[in-house]
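Written below as structure tokens is the structure these notes are about.
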Amino acid sequence: RKESSAASDVYKRQHQLMGDFKIGAATLGLMSSVYFFSYAIMQIPAGILYDYFSPRVLITISAFVCAVGSFFFGATHTVEYAALGRLLMGAGSAFAFIGVLVIASRWFPPHYFAFLVGIAQLLAALGAFAGELPLAIFVNASGWRAVMIFLSIIGFVLTLLSFFVIRDKPHEDKHLVKRHHIFAELKEIFKSAQTWWIALYAFSGWGPVALFAALWGIPYLMLRYGISNTWAASACAMIWIGIGITSPIIGWISDKIGRRCVLIQICSFVGLFASLLILYVPNIPFSLMFLLLFCVGIAGGGQILTFALVKDNNRPFVTGTAIGLNNMAVVAGGAIFQPLIGFILHALWHGRMEENVPIYSLENYHIGLMLLPLCFLIGLIASTFL
């Protein structure tokens with residue numbers, strides 16, 4: 001009975017989406033993953049566009065599309081249109097990280113690149129951190145729709161700032177070498193074995209962050225410890241803090257020692273060890289979860305080195321396309337794992353409902369979230385081939 005009450009609190013307070021749209025975990029995971037699918041699909045086209053056209057214009061347009069999608073998602077009352085809003089948000093966001101790295105590669109010397117990727121990841125983590133505790137409080141006070149409308153307004157402001165502030169390159173007389181044949185360049189990238197080993201690590205290294213920090217971690221912690229979504233969001237925010245703090249440090253160390261792979265292997269091992277403790281060691285105090293989730297963030301931060309490896313292994317005038325391919329692998333983890341865990345939970349569900357919301361047990365979560373340590377294990381194996 002205690003488990004049922006805690007589970008009911010999970011979905012009443014954190015998953016307002018499930019109640020508003022009258023959906024279960026499988027549909028929630030699928031609707032959430034639409035963002036990642038559209039983001040992933042757009043990565044190679046976005047990379048190609050960055051190799052050809054103005055980053056300032058592309059970032060401005062993409063920020064506008066993302067803001068429109070956020071407004072649309074917050075205003076709709078049907079699952080189909082909500083998914084369409086997520087699709088627009090994903091398509092707009094697809095240009096963000098690639099644009100940052102392309103501009104960084106044009107404005108700064110090569111030996112700063114891994115550090116700059118870490119700085120970009122720090123800024124991304126700060127944004128995600130703001131989406132945990134502060135927005136959990138905002139959602140409790142005003143509802144998730146008000147939050148989405150508010151974020152869309154911020155998006156429109158960023159659209160204007162992007163147009164007036166961003167500049168493509170330091171000097172107008174510096175131009176990238178023009179492509180000779182787009183398909184030949186794509187073939188060059190795809191034929192490299194390192195491309196796929198790097199992509200596999202990026203896929204498995206970021207998957208745990210997408211599945212735990214971004215969606216399923218908060219309800220799992222609420223159910224396991226019987227805590228509010230605010231406390232659970234505080235704990236999950238440690239993942240983003242870990243990513244934000246360690247990403248620039250990892251990048252700086254990598255640039256300093258001139259090595260990527262040993263740091264990647266260390267990150268994978270830390271993530272594997274921490275995730276096994278989080279899920280399968282009983283009676284762990286909730287206070288210790290903060291440290292363990294910080295370690296998961298350290299492991300997630302290791303994937304920033306994959307972008308440095310991609311830049312190291314490809315010629316300068318295909319940097320945007322190569323980064324896009326790698327970023328597609330990163331996001332594919334969220335696109336696949338978020339709905340997969342939802343489907344696993346729904347398949348294990350015993351049919352218990354409270355206020356039109358499915359109730360899942362702690363055992364269900366332990367089975368579904370086994371993907372967390374599995375991802376880190378795959379990343380550890382892949383890292384030995386880099």
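Annotations
- Scanning the chain for trypsin sites (Lys or Arg not before Pro) lying in DSSP loops with no more than 16 further Cβ atoms inside 10 Å, the longest uninterrupted stretch between such sites is 23-166.
- Helix content alone sets the calculated 222 nm mean residue ellipticity of the chain: runs of n ≥ 4 DSSP H residues at -39500 (n - 2.57) each, divided across all residues, give -25500 deg cm²/dmol.
- Most mobile of Phe212, Phe150, Phe203 in a GNM of the chain (Cα contacts under 10 Å): Phe150
- Whole-number accessible area per residue in Å² for the chain, which is evaluated in the context of all protein chains at 1.4 Å: 43
- Charge context of Gly69, other residues only, Cβ under 15 angstrom, K/R +1, D/E -1: +1
- Were the residues from Phe108 through Arg315 laid out at 0.36 nm apart, the gain over their Cα-Cα distance would be 72.9 nm.
- Between His77 and Arg167, residue separation times 0.36 nm minus the direct Cα-Cα distance comes to 28.5 nm.
- Crossing angle, helix 261-280 versus the chain [Cα axis fit, 0-90 degrees, rounded to tens]: 10
- Scanning the chain for GluC sites (Glu not before Pro) lying in DSSP loops with no more than 16 further Cβ atoms inside 10 Å, the longest uninterrupted stretch between such sites is 173-354.
- With every protein chain in place, the chain: carbon and sulfur % of accessible area (1.4 Å): 72
- 5 angstrom amide H check on Arg352, placed H, neighbours 5+ away: Ile359
- The distance linking the range 90-168 with the range 248-271 is 24 Å (Cα centroid to Cα centroid, whole angstrom).
- Point-to-point label distance, Val281-Val262, nm (Cα→Cβ direction, 7 Å offset): 2.7
The values are calculated or read from the model by the stated rules, or taken from the named source; none is laboratory data. All figures in this text were calculated on a predicted structure; none of them were measured in a lab. Using ideal geometry, Cβ is built from the backbone for each residue, glycine included, and neighbour counts are taken over all protein chains shown. Surface accessibility is based on the protein's heavy atoms, side chains included, excluding ligands, DNA and RNA. Shrake-Rupley method; radii C 1.70, N 1.55, O 1.52, S 1.80 Å.
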